[in-house]
Structures are given as structure tokens and as C-alpha cells.
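Chemist: Attaching a single structure in C-alpha cells format; questions to follow.
The values are calculated or read from the model by the stated rules, or taken from the named source; none is laboratory data. All of these numbers come straight from a predicted model, not from anything done at the bench. Here the Cβ is made from the backbone with ideal geometry for all residues, glycine too, and neighbour counts use every protein chain on show.
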Amino acid sequence: MLAAVAAASYNGDPVFAKGITLGVWIIELVKLVAVFAIIMVGVLFMVMYERKAVAYLGNRWGPNRAGPKGWLQSLADGLKLFFKEALVPEGADRWVYRAAPVIAMVPVMVSFSVIPIGDTVTVAGYTTRLQLADPPWGILVMLMASSISVYGVMLAGWASGSKYPLIGAVRASAQMISYEAALGLTVATVVVLTGSLHTSAIVAAQHGGVLYHWNVFRAYGLPAAIFFVAITAEMTRPPFDLVEAEEELAGGYNMEYSSIGFALFYLAEYAALVTNSAFFVTLFLGGPDGPYWHTIGPLWFVIKVLAVLYVYVWIRATLPRLRYDQLMDLGWKKLIPASLAMLLIVAAGHISWRWGLAALSGSLFAFILLSRAIEVGRTQVEEGAQAELESP
Amino acid sequence: MDQFLPILLMVVLASAFAIGSFIASKMLGPRSHLHAAKVGPYESGIAPRRELAARFPVRFYLVAMIFVIFDIEVVFLYPFAVMFRQLSTFGLVEMASFAAVVFIAFAYLVSEGALDWGPGKRLGSRAGAPVTRSLNATVRRVARPGTPPSARPPVLVEGASTGSGAGARGLDPVRAGASGPHGEEG
């Protein structure tokens with residue numbers, strides 16, 4: 001009920017209510033620069049945070065020379081790359097080769113702009129939300145960004161004119177699109193619970209009470225887990241980093257890049273990590289909502305994002321890489337059916353518990369059917385291989 | 001469409017940053033003499049002898065096509081998700097039947113093995129040899145030394161059949177020790 005009221009009263013950022021005046025322009029530009037700075041600082045921090053945490057998990061020190069305790073190492077690395085030679089390999093398509101890092105980076109930056117960091121604030125008579133943009137199709141920006149970043153990777157691999165980047169890029173795009181359906185279905189589950197595509201409405205629907213309003217509980221947990229796995233695969237983070245499997249592909253799709261092109265890919269990768277962690281917090285962990293002290297929303301938000309980021313580092317330090325067939329099996333045969341079933345169960349459970357039970361039993365029946373189909377499919381493949389073997 | 005403005009600004013700023021980085025790098029970075037080994041594609045230090053093959057396994061295309069079906073399903077589910085409160089039971093039944101139809105197609109795909117990667121996992125057991133690698137199994141697969149080529153079973157690995165009994169080298173301790181020319185490894 002709360003969610004329905006919240007969804008009905010949301011109509012974007014109130015700062016635009018009186019038209020676009022000079023004051024609105026100033027506010028928007030300040031917010032723009034602030035969000036850009038948040039992403040940049042977040043990336044620099046995350047690179048270092050990951051290196052340090054992985055080092056400690058592996059009983060090492062990690063980088064500890066540049067700046068206090070080595071915390072300026074990522075900044076130093078970034079600046080260094082500006083002073084390196086920008087080389088375009090001879091087999092490369094010059095313009096596509098240069099455009100690919102830009103295509104990889106821009107959508108990630110754009111998608112951070114719809115994340116609500118806090119509630120509304122009033123500055124000099126202008127009331128605005130603590131988020132850069134609040135369009136009526138807010139959450140679709142995230143799906144847009146994850147879809148377009150496939151192009152960045154694919155074009156980079158294709159335009160490099162080299163063997164390993166091409167294989168890496170084809171793998172990457174197959175992997176990314178495989179997990180995109182599961183990603184879209186879990187986001188749809190959240191939209192069912194909220195009834196709005198506004199990111200601010202999704203967050204507002206999770207306010208109030210002590211944690212139990214969060215979507216991770218309202219959606220019975222599983223969609224949150226699927227979303228987490230799907231964005232991990234979408235970003236080609238470990239344990240789904242077959243794209244850059246250095247033992248077999250010598251670095252993956254960005255192998256022929258040097259200097260700033262490489263830096264932009266790196267930037268895009270870590271910006272995507274920060275942004276998607278923020279999306280996980282927004283969609284499932286209540287955004288800037290906390291158990292107590294609701295006025296310090298942004299602080300709760302930062303704490304939750306840091307916790308999610310730590311989980312990524314932890315996973316990277318712990319889990320071995322999946323095999324390609326395991327990766328595809330997980331995406332297609334487990335996550336997509338599970339997320340579809342959860343969408344229907346959550347939607348049905350919202351109407352009445354009887355419908356919820358019906359959806360649950362229907363899903364269980366579908367699960368049995370699918371297990372049988374997987375079994376049959378495996379036999380088919382084996383028989384095909386056997387026939388090939390026996391043919392002269 | 002006012003709400004669209006900040007996103008447009010962000011696109012402009014991010015693109016300007018990326019393009020500006022390229023220009024800055026061009027101005028700041030060194031320019032050295034380019035030679036063939038430097039601009040050639042990376043092949044672990046060996047000059048490539050062939051053009052890059054622009055072909056990859058057909059399964060990638062298959063995945064892309066199946067993805068389109070599922071993406072369309074997701075696209076159809078979004079309006080339902082947004083209007084779910086108004087549609088209520090009617091919407092649920094509609095979407096459940098739509099999902100069921102897509103699911104049946106999906107189950108068919110899976111049962112055809114369209115989403116299986118790599119060769120059959122128990123290929124060995126069906127080829128007549130046990131899964132576990134034992135001396136006897138390997139010898140049976142590659143044939144004993146001295147078997148004429150026509151009498152050998154079909155082999156999986158190219159090259160294992162070349163040379164008389166090369167595949168069985170060192171597997172049978174008695175023979176490996178006895179036959180002089182094949183015993184160089186043991």
C-alpha cells in the first residue's frame with residue numbers, strides 16, 4: 001500500500017517543476033560535476049581497495065609505496081598511462097579502435113546518474129533530489145548501459161585486428177547477453193513490487209520499518225541472489241572472467257590497447273563495478289534507507305555500497321574461474337528459468353497467498369519438466385558425438 | 001522531457017572526458033619510431049603468418065538468436081510489471097500463460113541440446129572404454145604395437161595413430177622395457 005502511494009506521487013525531480021531557469025542550470029551542473037567526481041573517486045578508491053583487500057586475503061602487503069600506505073597508487077597508475085605512447089596496431093580499424101573505449105565508458109557513467117544517493121534537499125528555494133536524473137524510465141537506464149557496454153567490448157575485440165582480442169570479445173558478448181535476460185527478469189521483479197520505473201520510487205517503497213521493507217526480503221531473497229550473480233557475469237568479474245583469462249587469451253579484448261585506451265577500459269570496468277553495486281543497493285537493499293537515523297541516508301548508502309564491493313573482492317579472492325560450458329549452463333539453464341519463476345511467484349504472492357501457492361506449484365512442475373529436458377538434451381549431444389565418432 | 005536533460009549533460013561530459021583524455025595522451029605521450037614488430041598484432045613475439053580468421057563457432061550465433069527471444073520476453077514483461085497493480089489477477093494469468101509458452105519453447109531448445117557446450121561429457125563410456133583411465137583402456141583405444149592400421153579402432157586424437165604403436169609407448173611396462181626402439185622414454 002505504501003509503495004502504491006509512493007509510486008503515484010512520484011513525478012521526477014521537483015526542481016524542474018517551474019521550468020528550466022538559470023538557477024536550475026547551476027544546480028544541475030553542480031550535481032553533474034559532483035556525480036562525475038563521485039564516480040572518479042569511487043573508481044580510484046575501488047582499484048586500490050580491491051588490490052589491498054586481495055593482497056591481505058592472500059597474506060601479502062599489496063601496493064604500499066605511493067602516498068600514505070599506498071592509497072595513491074591507482075591515481076599514480078592512471079596518470080602514468082597518460083604519458084605512454086598511444087599505439088594503433090597495424091591490423092586495426094583506426095576509428096572503431098579509438099571509439100570502443102568511449103562506447104564502453106560513457107553508458108556506465110550515464111547509468112550512475114539515476115542512482116538515488118539520498119532524499120530531497122532544498123537549496124536557495126530549489127528543492128531537488130540527491131540524484132542527478134530521475135526520469136520516468138529510470139531503471140531502464142541501467143539495462144541500457146549494460147546492453148551498450150557489450151558493444152564497447154565487441155568492437156574493441158573486432159577492431160584490434162588480432163586473434164586473442166577477437167576470441168575474448170566473442171566470448172564476452174556471448175556471456176553478457178546470456179546473463180542479460182536473467183538480469184532483466186530480476187529487475188522486473190522489483191518493478192512488480194514497486195509499480196514504477198522511477199529509481200526514487202523504488203527506493204521510497206523500501207523505506208520505513210526496520211529492514212523488512214527491503215526488496216531482498218519482499219522478493220523472497222532469490223531474485224537478489226540471481227541479480228548479484230547476473231551483474232557479476234555481466235561485468236565479467238571473477239569467477240566469470242573467462243573474457244580475460246590470461247592463461248589462454250593473453251589478456252582478452254583489451255589486449256592490443258595501450259596508454260589511454262587501456263586506461264579508459266579499466267576505468268569503465270571499475271566504474272561499472274561501483275555503479276552496479278550501487279544498483280544492487282538501490283534495488284534490493286533499500287538504497288539510502290537504514291534501520292535507524294533516517295536523516296543520514298547518504299551515509300547508509302555509502303556503507304552498503306562498500307559492503308557490496310567487499311563481497312566482490314572477497315569472491316575474487318576465493319572462487320576459481322568457471323569453465324565456459326559451466327558458465328553457459330548456469331546462465332541459461334538455471335538463472336533464466338529461476339528468475340522467470342520468481343517473477344511470477346512474487347507477482348502472484350502479491351495478489352493473494354492462494355495465487356502464490358499456485359505459482360509456486362506451477363514453477364515446481366516446470367522445474368521437473370526442465371530437469372527432464374536437460375537430461376534429454378545431454379543424451380542428444382552425446383549421441384551426436386557418438387555418431388560422429390563412428391562415422392568413417 | 002525536462003528530466004532527460006541531466007542524462008544528456010552526463011553523456012556530453014563523459015564523452016568530453018574520454019575524447020579529452022585521448023587528446024591529452026596524444027600531446028603528453030612520446031612518439032617513437034614505429035616498426036613492424038611494434039605495430040603487428042600480438043602473437044607472443046612471433047610475427048603472424050596468416051590473416052586473422054574472422055570466423056568463430058556457430059554456437060555463438062545460436063546463443064545470440066536465442067537471446068533475442070528471451071530479450072523480447074523481458075521487454076513484454078516490463079509493461080506488465082509496471083501496470084501490475086491495475087491489472088491484478090487478469091494480468092497475472094495473461095503473463096503466466098505467456099511465460100508458459102516461452103518456457104515450453106525453451107524446454108524444447110534445452111532438450112535438443114541447443115544450449116550444451118562442448119562434446120558429450122561421457123563420450124568415453126559410450127566409445128566402449130571406461131571413463132577412468134586405465135592401462136587396459138588406453139591400450140584398447142590406441143591398439144597394441146604391431147596391429148595393422150586397418151585393424152585398429154577409430155582414434156580420438158590425431159597423431160596418436162601415426163607410427164607403429166607410438167601411442168602405447170610406456171603404457172605397458174613389460175613391452176616398453178622389452179621393445180628397444182620404443183623404450184627411449186622409460
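Chemist: If you scan the stretch A:65-98, which residues turn out to be among the charged types (D, E, K, R) and farther than 19 Å from A:TYR49 by Cβ?
Modeler: If the condition is that a residue be among the charged types (D, E, K, R) and farther than 19 Å from A:TYR49 by Cβ, then A:LYS80, A:LYS84, A:GLU85, A:GLU90, A:ASP93, A:ARG94, A:ARG98 are the ones that fit.
Chemist: Moving on to the next point. Which one is nearest to the other protein chains (Cβ to nearest Cβ) among residues in the stretch A:358-384 that are within 22 Å of B:TRP117 (Cβ to Cβ) and of a type in the set (S, T, N, Q)?
Modeler: A:GLN380
Chemist: To continue, here is another question. Counting only residues that are within 8 Å of another protein chain (Cβ to nearest Cβ) and among the aliphatic types (A, V, I, L, M), which one in the stretch B:84-99 is farthest from the chain's Cα centre (by Cα)?
Modeler: Checking each candidate, the answer is B:LEU92.
Chemist: Which is modelled with pLDDT of 90 or more, surrounded by fewer than 16 Cβ atoms within 10 Å (Cβ to Cβ) and small (Gly, Ala, Ser), of A:SER361, A:SER339?
Modeler: Testing whether each residue is modelled with pLDDT of 90 or more, surrounded by fewer than 16 Cβ atoms within 10 Å (Cβ to Cβ) and small (Gly, Ala, Ser) leaves just A:SER361.
Chemist: Among the candidates A:SER162, A:SER200, single out the residue that is touching a strand residue (DSSP E or B) at 6+ places or on another chain (Cβ under 9 Å) and polar (S, T, N, Q).
Modeler: The match here is A:SER200.
Chemist: Moving on to the next point. Looking at the stretch A:256-267, which of the residues that are buried (at least 24 other Cβ atoms within 10 Å of the Cβ) and in contact with a Ser or Thr (Cβ under 7 Å, 6 or more places away or on another chain) is farthest from A:LEU211 (Cα to Cα)?
Modeler: Per the stated criteria, the residue is A:GLU256.
Results for (1) in contact (Cβ under 8 Å) with a residue 60 or more places away in the chain; (2) among the small types (Gly, Ala, Ser); (3) closer than 16 Å to A:LEU197 by Cα, shown as yes or no for each residue.
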| site | (1), (2), (3) |
| --- | --- |
| A:MET109 | yes, no, no |
| A:VAL114 | yes, no, yes |
| A:GLY118 | yes, yes, no |
| A:PRO136 | yes, no, yes |
| A:GLY157 | yes, yes, no |
| A:GLY168 | yes, yes, no |
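Chemist: So for the stretch A:151-170 (the condition being within 29 Å of A:ASN215 (Cβ to Cβ), more than 10 Å from chain B (Cβ to nearest Cβ) and not polar (S, T, N, Q)), does at least one residue qualify?
Modeler: For the stretch A:151-170, residues within 29 Å of A:ASN215 (Cβ to Cβ), more than 10 Å from chain B (Cβ to nearest Cβ) and not polar (S, T, N, Q): absent.
Chemist: So which pairs qualify, if the first residue must be in the stretch B:14-36 and more than 7 Å from chain A (Cβ to nearest Cβ) and of a type outside the set (Lys, Arg), the second must be outside any helix (DSSP H, G or I) and surrounded by fewer than 11 Cβ atoms within 10 Å (Cβ to Cβ), the Cβ gap must be under 8 Å, and the two must be at least 6 apart or on different chains?
Modeler: B:ALA36/B:ALA47
Chemist: Name every residue in the stretch A:349-365 that is under 31 Å from the mean Cα position of the chain (by Cα) and within 17 Å of B:GLU94 (Cα to Cα), in order of residue number.
Modeler: A:GLY349, A:HIS350, A:ILE351, A:GLY356, A:ALA359, A:LEU360, A:GLY362, A:SER363 - these are the residues of the stretch A:349-365 that are under 31 Å from the mean Cα position of the chain (by Cα) and within 17 Å of B:GLU94 (Cα to Cα).
Chemist: Checking the conditions here, which among A:ALA182, A:ALA145, A:ALA159, A:ALA172 is touching a helix residue (DSSP H, G or I) at 6+ places or on another chain (Cβ under 6 Å), modelled with pLDDT of 90 or more, among the hydrophobic types (A, V, I, L, M, F, W, C) and assigned by TED's automatic domain parsing to the domain that holds A:VAL243?
Modeler: A:ALA182
For (1) crowded, with 19+ Cβ neighbours inside 10 Å; (2) within 11 Å of chain B (Cβ to nearest Cβ); (3) within 30 Å of A:VAL203 (Cβ to Cβ), each residue gets a yes or a no:
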position	(1), (2), (3)
A:LEU87	no, yes, no
A:ALA92	yes, yes, no
A:PRO101	yes, yes, no
A:VAL110	yes, yes, yes
A:SER113	yes, yes, yes
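Chemist: Residues that are surrounded by fewer than 18 Cβ atoms within 10 Å (Cβ to Cβ) and at pLDDT 90 or above: does the stretch A:62-71 have at least one?
Modeler: Looking for residues that are surrounded by fewer than 18 Cβ atoms within 10 Å (Cβ to Cβ) and at pLDDT 90 or above, one finds none in the stretch A:62-71, hence no.
Chemist: Filter the stretch A:324-336 down to the residues that are surrounded by fewer than 24 Cβ atoms within 10 Å (Cβ to Cβ) and more than 7 Å from chain B (Cβ to nearest Cβ) and list them by number.
Modeler: Answer for the stretch A:324-336, where residues must be surrounded by fewer than 24 Cβ atoms within 10 Å (Cβ to Cβ) and more than 7 Å from chain B (Cβ to nearest Cβ): A:GLN326, A:LEU327, A:ASP329, A:LEU330, A:LYS334.
Chemist: Moving on. Given the residues A:VAL15, A:VAL54, which is the only one that is in contact (Cβ under 8 Å) with a residue 60 or more places away in the chain, surrounded by fewer than 19 Cβ atoms within 10 Å (Cβ to Cβ) and within 24 Å of A:PHE279 (Cα to Cα)?
Modeler: Step by step, each of A:VAL15, A:VAL54 is checked, and only A:VAL54 is in contact (Cβ under 8 Å) with a residue 60 or more places away in the chain, surrounded by fewer than 19 Cβ atoms within 10 Å (Cβ to Cβ) and within 24 Å of A:PHE279 (Cα to Cα).
Chemist: Among (1) in contact with a Gly (Cβ under 6 Å, 6 or more places away or on another chain); (2) assigned to a helix (DSSP H, G or I), where does B:PRO41 come up short?
Modeler: Condition not satisfied by B:PRO41: (2).
Chemist: OK, next. Could you tell me which numbered condition A:VAL150 fails, if it satisfies all but one of (1) assigned by TED's automatic domain parsing to the domain that holds A:GLY261; (2) in contact with an Asp or Glu (Cβ under 9 Å, 6 or more places away or on another chain); (3) in contact (Cβ under 8 Å) with a residue 40 or more places away in the chain?
Modeler: (3)
Chemist: Which condition number does B:PHE70 fail, the rest of (1) surrounded by fewer than 19 Cβ atoms within 10 Å (Cβ to Cβ); (2) modelled with pLDDT of 85 or more; (3) under 25 Å from the mean Cα position of the chain (by Cα); (4) at the interface with another protein chain (Cβ under 7 Å from one of its Cβ atoms) being met?
Modeler: All conditions are met except number (1).
Chemist: Let me ask something else. Which residues, taken from the stretch A:115-150, are away from every other protein chain (no Cβ under 11 Å), among the hydrophobic types (A, V, I, L, M, F, W, C) and farther than 19 Å from B:VAL12 by Cα?
Modeler: Hits for the stretch A:115-150 are A:ILE117, A:VAL121, A:VAL123, A:ALA124, A:LEU130.
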